[in-house]
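Just passing along the structure, written as C-alpha cells.
The values are calculated or read from the model by the stated rules, or taken from the named source; none is laboratory data. In this text, all values refer to a predicted model and were calculated from it rather than measured experimentally. All Cβ positions, glycine included, derive from the backbone under ideal geometry; neighbour counts span all protein chains shown.
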C-alpha cells in the first residue's frame, strides 16, 4: 500500500482509512468509464479533482494489449508524471492526495486528488477566441514558444503524454497575462503518460502529431510551423530541417491521418 496526503487531507482523514474516505467524496462527475471515475469537488472553498480507479478487469487489459495499447491500471501514472514534470520545469498538476493498494493489476484500487487550476482557460478555447479576435503577434509567439519548450522538456526527459492536444494545456490567469511575459501554462490529463529510460521514436511521433493535428484548423502560417520545429528541436532551423527531416515528415503524415479520421467521424 502507498499513501500520500497533503496537510489538508492528512488533517481531515487523521485516524481514518483514506480509501474509505475518498469514496465518500461527492461532486460533479465528469467521467465514468473503464473502472475510473473523475469528479470535481470543493473543500473549504478550494477546488479539486478526484480520479478514483477501481480496476479495469482482465478483459479490458486484454483488449488494450490486443490493440497494442498500454492499459491504464491506476493513478500511479498520473502521480509519477506530475512529480517528474514539476521537477523539470513543466507546469502541471499539483497532487494533494494519492493512494494505491492491491497486487492484482486487474483489481488494483487507487486514487489521486489534484488541485483545480483556477482560474484558467484551455488553449483550445483560447484558439477559438483568437479566430474572431486575433492576439498581438508577440503574444501568439510567446504561447507557441512555451508549448514548444514544455513539449521539448517532456520528451528530452523521456516522457510521453499520449493525449497531447491543445485542450490539455491550461493557461493560468488568462486573459490577464501580459504579452511581455511567458504564458503560465499547465499540462494536464496525465493518466496515460509513460516514463521511459529512452523515449521510443513512435511515442515522440504520436505526441507531436497529436499536437499538430489539434491546431490544424487554426491555419498556422509556414513561419509559425517552422518556428515550432526550431523551438522544439532546440537547433538552428537549417540543422533541424536537415537532420530531422524524416521525423517531421512522419509527424505531418500521422497528423493528416488523424485529421482525416476526425472528419470522417464528424468531430
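Quick one: count up the residues across the stretch 103-131 that are assigned to a loop (DSSP other than H, G, I, E, B), out of contact with any helix residue (DSSP H, G or I) (no Cβ under 8 Å at 6 or more places or on another chain) and farther than 30 Å from residue 219 by Cα.
4
Out of the residues in the stretch 103-115 that are surrounded by 16 or more Cβ atoms within 10 Å (Cβ to Cβ) and farther than 27 Å from residue 151 by Cβ, which is modelled with the lowest pLDDT?
106
Spot the failing condition for residue 125; the list is (1) crowded, with 18+ Cβ neighbours inside 10 Å; (2) without any contact (Cβ under 8 Å) to a residue 60 or more places away in the chain; (3) under 28 Å from residue 31 (Cα atoms), and only one is missed.
Checking residue 125 against (1) crowded, with 18+ Cβ neighbours inside 10 Å; (2) without any contact (Cβ under 8 Å) to a residue 60 or more places away in the chain; (3) under 28 Å from residue 31 (Cα atoms), the one that fails is (1).
From the list 190, 220, 211, 199, which residue is assigned to a helix (DSSP H, G or I), surrounded by 12 or more Cβ atoms within 10 Å (Cβ to Cβ) and either within 20 Å of the chain's Cα centre (by Cα) or not assigned by TED's automatic domain parsing to the domain that holds residue 85 (or both)? Let's see the steps before the verdict.
On the way: 190 fails: assigned to a helix (DSSP H, G or I); 220 fails: assigned to a helix (DSSP H, G or I); 199 fails: assigned to a helix (DSSP H, G or I).
Of 190, 220, 211, 199, the one residue that is assigned to a helix (DSSP H, G or I), surrounded by 12 or more Cβ atoms within 10 Å (Cβ to Cβ) and either within 20 Å of the chain's Cα centre (by Cα) or not assigned by TED's automatic domain parsing to the domain that holds residue 85 (or both) is 211.
Then there is this: For the stretch 202-237, which residues satisfy the criterion of being closer than 30 Å to residue 53 by Cα and free of Cβ contacts under 8 Å to residues at least 40 places away in the same chain?
202
May I pose another question? What number of residues in the stretch 223-244 are part of a helix (DSSP H, G or I) and either in contact with a strand residue (DSSP E or B) (Cβ under 9 Å, 6 or more places away or on another chain) or surrounded by 11 or more Cβ atoms within 10 Å (Cβ to Cβ) (or both)?
Matching residues across the stretch 223-244 total 15.
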